Amino acid sequence: MTTKEKDCLKEVESFDKTGFNYTLSLVSGKYKLTVLYAIYRHKVIRFNSLQRYLNMVSHKTLSGVLKELEKDNLITRKEYPQIPPKVEYSLSPKGESFIPILYALCEWGEEHR
């Protein structure tokens with residue numbers, strides 16, 4: 001185990017003060033990782049295209065997940081002032097910094113499925 005790994009897994013007075021807990025607070029939820037993955041794959045995507053790509057997520061659920069990811073600054077929402085309204089989603093710099101973690105999850109899944 002490297003020093004960095006030891007620092008990340010060190011004992012603290014409570015779980016809520018760990019980096020692990022902070023990360024989970026941003027990405028826990030049934031579809032957050034899925035939405036981040038989909039936005040990463042498409043770079044820039046509109047709501048309806050995202051919903052078609054993730055056909056298992058309802059309109060209401062997807063809308064809520066996007067709002068949470070935007071609030072946590074993992075994605076950016078760009079709204080164009082036109083009729084009909086046009087909104088595009090993409091990863092923020094903070095969201096882009098999460099991609100190596102998504103990649104590691106993907107690699108682990110490929111190795112162990």
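Each reported figure results from applying straightforward, stated rules to the coordinates on display, with no laboratory input. Predicted model only: the values in this text are computed from it and were never measured. Reconstructed Cβ throughout: ideal geometry from the backbone, glycine too, with neighbour counts over all protein chains shown.
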Short version: ³J(HN,Hα) in whole Hz for each residue of the range 35-51, in order, from phi by Karplus 6.51 cos²θ - 1.76 cosθ + 1.60 (θ = phi - 60°), x for Gly and Pro, what are they?
5, 4, 4, 5, 5, 4, 4, 9, 6, 10, 8, 8, 3, 5, 5, 5, 5
Computed, not fitted: 222 nm per-residue ellipticity of the chain from DSSP H runs ≥ 4 (each -39500 (n - 2.57)), nearest 500, equal to -16000 deg cm²/dmol
The chain - charge dipole about Cα centre, Lys and Arg +1 at Cβ, Asp and Glu -1, debye rounded to 20:
560 debye
Run the numbers for Phe20 and Ile83: contour at 0.36 nm per residue of separation, minus the present Cα-Cα distance, in nm.
18.4 nm
Counting only residues 5 or more places away or on other chains, whose amide H sits under 5 Å from the amide H of Leu91 once H atoms are built in the peptide plane?
Thr76
Computed curve, the chain, Cα-only Debye sum without solvent term, log₁₀ I(q)/I(0) at 0.12, 0.14, 0.20 Å⁻¹, is -0.51, -0.66, -1.14
Can you find, among Gln82, Tyr53, Leu36, the residue sitting farthest towards the positive end of the charge dipole of the range 30-112, where Lys and Arg contribute +1 and Asp and Glu -1 at Cβ?
Gln82
Could you give the length gained on full extension between His42 and Cys106, defined as 0.36 nm per residue of separation minus the Cα-Cα distance, in nm?
21.4 nm
When only C-alpha pairs under 8 Å and at least 6 residues apart count, what is the relative contact order of the chain, in percent?
23 percent
Sequence ranges 67-77, 31-41, ranked by mean other-Cβ count within 10 angstrom, highest first
31-41, 67-77
Of the listed pairs Lys17/Lys60; Lys32/Lys71; Lys30/Lys78; Lys32/Lys67, which have alpha-carbon separations greater than 20 Å here?
Lys17/Lys60; Lys30/Lys78
